[in-house]
1. What list of ³J(HN,Hα) values in whole Hz, one per residue of the stretch A:109-120 in order, does the Karplus curve 6.51 cos²θ - 1.76 cosθ + 1.60 (θ = phi - 60°) give from phi, with Gly and Pro shown as x?
2. Please compute the average number of Cβ atoms from other chains found within 10 Å of each residue's Cβ in peptide A:22-29.
3. About the Cα centre of the stretch B:155-242, how large is the charge dipole given +1 on each Lys and Arg Cβ and -1 on each Asp and Glu Cβ? Please answer in debye to the nearest 20.
4. Would you calculate, for the protein assembly as shown, the mean residue ellipticity at 222 nm contributed by helices, counting each DSSP H stretch of 4 or more residues as -39,500 (n - 2.57) and dividing by all residues, to the nearest 500?
5. HN-Hα J couplings of the stretch A:169-178 from phi, Karplus 6.51/-1.76/1.60, θ = phi - 60°, integer Hz, Gly and Pro as x?
6. Need one word for the protein assembly as shown: rounded, prolate or oblate. Basis is the Cα gyration tensor (sqrt eigenvalues a ≥ b ≥ c); a/c below 1.5 gives rounded, then a/b vs b/c decides.
7. Defining a contact as two alpha carbons under 8 Å apart and six or more residues distant in sequence, what relative contact order in percent does chain B show?
8. Amide H to amide H under 5 Å from residue B:36: which residues, 5+ apart in sequence or cross-chain, H placed 1.01 Å off N in plane?
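Every number here is computed from the coordinates shown, using simple stated rules; none is lab data. These numbers were taken from a predicted model, which means no experiment stands behind them. Note that each Cβ is placed from the backbone with ideal geometry, even for glycine, and that neighbours are counted across all protein chains shown.
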Amino acid sequence: MSTAPTMGTLSLAVLHTRYQVLETIRIPVAVIGNMLFPALAMLFFVVPQRVVAGDPVSATAATGQLAMFAVMSTCLFSFGLGAAEDRATPFEPYVRTLPAGPVPRMIGRMFTGAVFALLGLIPLVLIAWLFTDATVTPRQAVLSLLVIVGVALPFLGLGLGIGYSMSPKAAIAVVQVVLFPMAFAGGLFMPPEIFPRWLDAFSQALPSRAGRDLLVQALTGIDPPATSIPVLLGWGVLFAVFAVWAYRRDEGRRFR
Amino acid sequence: MTAPVIEVSHVTRRFGAVVALDDVSLAVQPGELVGMLGPNGAGKTTLLSLVNGLRKPDAGTIRLFGGDPRTPASRVGLGSTPQETGLPPTLRVAEVVDFVARHYPNPRPTARLLEQFGLADLARRQTGGLSGGEKRRLAVALALVGNPALVLLDEPTTGLDVDGRHMLWAALRDYHATGGTIVLTSHYLEEVQALAERVVVIDHGHVLADDALDVVIGRVAVRRVALTLPDAADLVALRDLPGVVDVSEVGNGVNRVELLTADADALVRELVRTDTAFSDLEVRSASLEEAFLALTRKEVAA
């Protein structure tokens, strides 16, 4: 029996993206919740502090930190929890029996995540623009968008690794345990300049801090520590290996 | 001779300490309509999940159209069904069909497929709002949308009413008449009888029987004869009666026994001929489950 060729990866990736976006926007509260948290954090914690909000560099850096948080949170929640939840539905194993490899689905997930992560940044940037003295040049803005995509990749790997290795209940606990301490220690809620020495040193070994420093550099021109890029790359490789390992061993739901 | 559509050789699959499939070998040729029968937990679903590439065997090999089912290219000719509860609830019926269709190079037109499965009026409905029977019909329609050479159906008509079941059977017969290969699992002897040409009986991870429909049906079509005896039952003597495959005591205090037999008529005649005292005679056809248990015990004893 002759084996027909499968459909092109690109057209399948477009198809998966379209349907994942469709599924997500049919539950609008999920989209709104995603957009709200970083914007509210900006409104309550940055805007009232005139020392930060009134200083162009500090205000821009604070916006960058929260943008980093928004992207990290989207990666961990929508990929980590999203993949774990999908695997728990009987439709996901069915989709895996269709003649398509994992790549279109992964690409679909990445684009869907990117679309909603960027949507989540819109209210944050609007608030920063309207209520603080944060400022960027058009060149900095474009560069920052590229940097955001780059620094999101390691967290994408971490999210997928969690999503494909755990049940939804375990994934939500792990995502929360990972996200908030890593955001705090990475200087996403408070600027690392006010950290004690030991915490600052520890912080610089974290991917959240490295991502934050690179993003703040793109936005404000403040030089990051020399370790930022190697630290981010190192975690990136580790998380990518984790994601691939988790996907390969996964056979859908498993019960013992 | 053409190459088999499915070739399973010496496959073993464990889940922890449980052996779901134990050294199973099986081949399905193009155009066959195979029914897989077996009680819950027999290993049918595990076998399908190996053939559709969802799981890997611990030992042995699985070939689908001559290739590894875990590579997407091997699955271009394969159609399978999600579990009825497994449709994405926010997507509309036509959207789900379209999504699946676009994975295949030569899909059936969505509108005609929905028509055939009586779903045309529901095309704009979100799948979360469908009844159980409608979901089941949609699930089976998804198996056929890609114009596959082989479809795997796991309990295709569970939860359907009589009309829904006959509509599905008709659709499957049409598909088979155009040369399609079907492997289906079922709890219902009736369903396997209505559709299958070849029957594979699986239990405890073993293939107990693999033969033409009527041959297998003859083996599992047992009757249950219950009767009350005046004295304590001599189980050994009862077991020697015509066609008896299993004897069990059911009475609490009364000497009531149940016999599973392939030939209830001969059994009753023999009881009468030997002037055996009995009362409350009851004869009914055994359920598929009982038939399997009998068949299984006989295999173990043999």
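1. Ordered by residue, 3J(HN,Hα) equals 5, 5, 5, 4, x, 4, 4, 6, 5, 5, 4, x Hz.
2. Across A:22-29, the average partner-chain Cβ count within 10 Å equals 3.
3. On the way: 7 positive and 14 negative charges, 11 e Å.
So the magnitude is around 60 debye.
4. -16000 deg cm²/dmol
5. Calculated HN-Hα couplings, in order: 5, 5, 5, 5, 5, 5, 4, 5, 5, 7 Hz.
6. Numbers: a/c = 2.90, a/b = 2.38, b/c = 1.22.
Note, shape of the protein assembly as shown comes out prolate.
7. On the way: 585 pairs, mean separation 55.9, N = 302.
Normalised by residue count, the contact order of chain B is 18 percent.
8. Residues meeting the criterion, in which the H sits 1.01 Å from N, are B:184, B:185, B:186, B:200.
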